Amino acid sequence: MINKIIRRIKTILLEFEVMKLHFVGQIPSHHIRWFFYRLAGMKIGKGSTIHTGARFYNPTNIEIGEDSIIGEGAILDGRDKLIIGSHVDIATEVMIYNAEHDVRDPNFRTINAPVTIGDYVFIGPRAIILPGIKIMKGAVIGAGAVVTKDVPEYSIVGGVPARQIGERGIKDLNYKLGRAAWFR
């Protein structure tokens, strides 16, 4: 009984923190948002930016490498480990989840699994990445794709569920995404 009460209090406190970060996400200043996200426990590499309207579930498990961009309205799930590499471009309204309900379980329990996104990955607008997925270096996820399986290096995937539709021709990736948009 006591453990259940303690878990519930922890959940309420986390929900309150997530709500505060939602408000922070509307502040039209990259530097202010970045400060509060780091204060909440997110690890954000040098030169990376998170645009307005992003939402988080448990920010302490989210790690973003250097020179990465998270687009407007993105959802980053930190209920399990979420590691985003360097030079990653995540477009507008992308959803990355690492927790879901087990529809085969009679109690509809949750399943948590880490998500890893390698360096130089591009994820198109409104794509959905499901729990336990590994997206390897240089992969491209098409707009609106639902990624249900790991994505190999330099693959281009699209569709629902996502499947390989091509391969990235350039394998020696070394570009920089550019500076943060301060008021976006």
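Coordinate-derived values only; no laboratory data. What you see is a predicted model, and the numbers here were worked out from it, not measured in a lab. Neighbour counts run over all protein chains shown; Cβ positions are idealised from the backbone, glycine included.
Grab the chain and count how many Lys pairs have their alpha-carbon atoms under 13 Å apart, sequence gap of 8 or more, or different chains.
Close lysine pairs found across the chain: 5.
What does the extension gain come out to for LYS176 and HIS22, with contour length at 0.36 nm per residue minus their alpha carbon separation?
Separation in residues times 0.36 nm, less the Cα-Cα distance, equals 52.6 nm.
Could you calculate the contour length gain from ASN3 to GLU72, that is, 0.36 nm times the residue separation minus the distance between their Cα atoms, to one decimal place in nm?
Length difference between fully extended and current span is 21.1 nm.
Just to be sure I understand: of the beta bridges DSSP finds with both ends in the chain, what percent are antiparallel, rounded to 5?
The antiparallel fraction comes to roughly 20 percent.
Could you work out how far apart the two model spin labels at THR148 and ILE111 are, taking each label as a point 7 Å from the Cα in the direction of the beta carbon, and quote it in nm?
1.1
Tell me, what is the Rg over Rh of the chain, with Rh the Kirkwood radius over Cα pairs?
Value, to two decimals: 0.99.
Starting at the first residue of region 129-134, write each ³J(HN,Hα) from the Karplus equation 6.51 cos²θ - 1.76 cosθ + 1.60 with θ = phi - 60°, in whole Hz, x for Gly and Pro.
10, 8, x, x, 7, 10
Compare the Cα positions of GLY132, ALA40, HIS87 along the charge dipole of the chain (+1 at Cβ of Lys, Arg; -1 at Cβ of Asp, Glu; about the Cα centre) and return the one farthest towards the positive end.
Going by the charge dipole, the pick is ALA40.
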